[in-house]
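Participant: Okay, handing you the structure first.
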Amino acid sequence: MDAEMLTFFVDEIKQIRNSMTVSISSLISTELEDNSKFEEVGQMIDRVYGTAATLGLNEISEYTKAIKDVSYMASASDNRSGKKKVVKVLIKYIELSDLICASIFDKQELIKINHQLNIEKSKANLLNKKEFYSIDKKSCAIE
């Protein structure tokens with residue numbers, strides 16, 4: 001894989017990570033009342049998802065798709081318990097994004113991270129099914 005493209009991807013992840021941290025902090029400070037912040041985070045994750053898919057980084061792509069979906073579903077829900085769980089998932093993403101950036105140039109390290117991403121993807125998908133089973137929203141609304 002092209003090192004220049006991977007460098008661009010790492011830079012994109014870091015930039016989005018910083019923006020996501022602000023959005024997550026805002027969610028917490030408003031006690032999860034601003035549903036638009038969940039959608040905002042979903043849009044940010046969607047960018048990482050798209051780039052990962054384009055680069056053929058399947059585990060990263062599948063994991064970020066699950067995070068994107070759960071973020072959008074939370075944005076359309078009044079389920080406070082589910083939203084709290086989504087915030088925890090988003091905080092975990094922040095942690096994992098650092099690991100992704102640190103390991104992306106080392107195939108062996110990336111394999112180790114991929115295993116963890118698959119576990120977290122399963123947790124996010126289960127959260128979708130348990131907390132947001134009645135929500136169909138998996139992308140942002142187009143106005």
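Participant: Go through region 25-44 residue by residue and tally those that are of a type outside the set (F, W, Y) and closer than 11 Å to S71 by Cα.
Facilitator: Residues flagged as of a type outside the set (F, W, Y) and closer than 11 Å to S71 by Cα within region 25-44 amount to 9.
Participant: With the condition kept exactly as written, say whether any residue in region 35-50 is among the aromatic types (F, W, Y), out of contact with any Asp or Glu (no Cβ under 7 Å at 6 or more places or on another chain) and without any contact (Cβ under 8 Å) to a residue 24 or more places away in the chain.
Facilitator: Yes, region 35-50 contains at least one residue that is among the aromatic types (F, W, Y), out of contact with any Asp or Glu (no Cβ under 7 Å at 6 or more places or on another chain) and without any contact (Cβ under 8 Å) to a residue 24 or more places away in the chain.
Participant: Please specify each residue of region 68-81 satisfying the condition of being surrounded by 16 or more Cβ atoms within 10 Å (Cβ to Cβ), assigned to a helix (DSSP H, G or I), of a type in the set (G, A, S) and touching a residue at least 40 places away in the same chain (Cβ under 8 Å). Don't jump to the end; show me each part of the working.
Facilitator: The first filter runs over region 68-81 and keeps only residues surrounded by 16 or more Cβ atoms within 10 Å (Cβ to Cβ), leaving 68-77, 79.
When the remaining residues are screened for being assigned to a helix (DSSP H, G or I), the result is 68-75.
Subset that is of a type in the set (G, A, S): 71, 74-75.
Within region 68-81, A74, S75 qualify.
Participant: Given the criterion within 13 Å of the chain's Cα centre (by Cα), surrounded by fewer than 22 Cβ atoms within 10 Å (Cβ to Cβ) and either over 17 Å from L6 (Cβ atoms) or not β-branched (V, I, T) (or both), identify the matching residue among K65, K84, K107, K129. Break it down stepwise before answering.
Facilitator: Working: K84 fails: within 13 Å of the chain's Cα centre (by Cα); K107 fails: within 13 Å of the chain's Cα centre (by Cα); K129 fails: within 13 Å of the chain's Cα centre (by Cα).
Answer to the selection: K65.
Participant: Among the residues of region 94-102, is there at least one that is over 26 Å from E33 (Cα atoms), in a loop (DSSP other than H, G, I, E, B) and not aliphatic (A, V, I, L, M)?
Facilitator: No: zero hits.
Participant: Moving on. Six or more apart or on different chains, Cβ atoms under 6 Å: show the pairs whose first residue is in region 98-110 and closer than 17 Å to N58 by Cβ and at pLDDT 90 or above and whose second is surrounded by 13 or more Cβ atoms within 10 Å (Cβ to Cβ) and among the acidic types (D, E).
Facilitator: Every condition considered, the pairs that remain are S103/E109.
The values are calculated or read from the model by the stated rules, or taken from the named source; none is laboratory data. These numbers come from a predicted model, not from an experiment. Don't worry about glycine lacking a Cβ; one is built from the backbone with ideal geometry, like all the others, and counts go over all protein chains shown.
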